[in-house]
Amino acid sequence: MDTHRTPVPATPATAASATRLPDLGPAARRITTLLGPVDDGSLDGPTPCPAYAVRELLGHLTGLATAFRDAARKDLGPSTATPPDAALPVLEDDWREALPQRLEEVAAAWRAPDAWTGMTRAGGIDLPGEVAGVVALNELVIHGWDLARSTGQPYAAGEAELRSCEALLAPDADDPDRGGIFAPPLPVAADAPLLDRVIALSGRRPDWRPGG
């Protein structure tokens, strides 16, 4: 089951109403901070996404940041038309410069109020701008956690970000297939930290560790 495809909520209004114009900046900056300790020897390590090693995860992050930047700008083309599972992501040689730049650009693009209006496209799927922005935030938060766990680094997200992710992921949690978007949600204690509950909703084990 894929754990990295772009989620498209069945009820856009519900997802969009969970927050008003979220700022993608904190989630993007956390990922940039996580990149520093990632050396070349880490690139072949496992991640919570079964199909990805760290290098593919970094390639996916670069691709999704580019796609959602262009989706925010309504600059529709190859970057927004390609499904994320069309092929394994390729990590470019200049990723240490390119990925932080793309993360900064995607956060800046979604600060424009016009990004949240009208229709746009991401992952080959047409969807309202207000939904695409929430999906973009979810991608940054969940894959930021993936990268942190894969490289043995701490990770913390803000409550507003996590509530937005929870509102996006929870409505389809009872669907055993979930449209191929995520693995089935995993059980977690009702009083578990909000981050753990969101990660479990995405089909990941909150206690995941490399080799564990």
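In Å², what does the accessible area per residue of the stretch 68-167 work out to with a 1.4 Å probe? Could the numbers behind the result be given before it?
Details: 4270 Å² over 100 residues.
Each residue of the stretch 68-167 exposes 43 Å² on average to a 1.4 Å probe.
Find the relative contact order for the stretch 90-132 and round it to a whole percent, using C-alpha pairs within less than 8 Å whose residues are 6+ positions apart.
Details: 26 pairs, mean separation 10.4, N = 43.
Answer for the stretch 90-132 is 24 percent.
So what does His60 come to for accessible area, using a 1.4 Å probe and Å² rounded to 10?
Its heavy atoms expose roughly 10 Å² to the probe.
Give the relative contact order (percent, whole number) for the stretch 72-147; include only Cα pairs under 8 Å separated by 6+ residues. Present the calculation step by step, with values, prior to reporting the outcome.
Values: 64 pairs, mean separation 28.8, N = 76.
About 38 percent, as a whole number.
Over the chain, what is the relative contact order in percent, taking alpha-carbon pairs closer than 8 angstrom and at least six residues apart?
On the way: 352 pairs, mean separation 62.6, N = 212.
So the answer I get is 30 percent.
With the cut-off at 1.5 for a/c, could you classify the stretch 60-212 from its C-alpha gyration tensor as rounded, prolate or oblate?
Values: a/c = 1.64, a/b = 1.33, b/c = 1.23.
Prolate, since a/c reaches 1.5 and a/b exceeds b/c.
Where the only charges are on Cβ atoms (+1 Lys, Arg; -1 Asp, Glu), what is the dipole of the chain about its Cα centre, to the nearest 20 debye? Mind showing how you got there, number by number?
Working: 19 positive and 30 negative charges, 58 e Å.
Dipole size: approximately 280 debye.
If you roll a 1.4 Å probe over the chain with all protein chains in place, what percent of the accessible area is carbon or sulfur?
Working: 5030 of 9290 Å².
The computed percentage sits at 54.
Taking the dipole about the Cα centre of the stretch 42-88, with the C-beta of Lys and Arg at +1 and of Asp and Glu at -1, give me whichever of Gly59, Thr80, Gly45 is farthest to the positive side.
Checked the options; the winner is Thr80.
The values are calculated or read from the model by the stated rules, or taken from the named source; none is laboratory data. From a predicted model like this one, the values you see are computed outputs, not experimental measurements. Cβ: placed from backbone, ideal geometry, glycine included. Neighbour counts: every protein chain shown. Heavy atoms of the whole protein, side chains included, go into the accessibility calculation; ligands, DNA and RNA do not. Shrake-Rupley method; radii C 1.70, N 1.55, O 1.52, S 1.80 Å.
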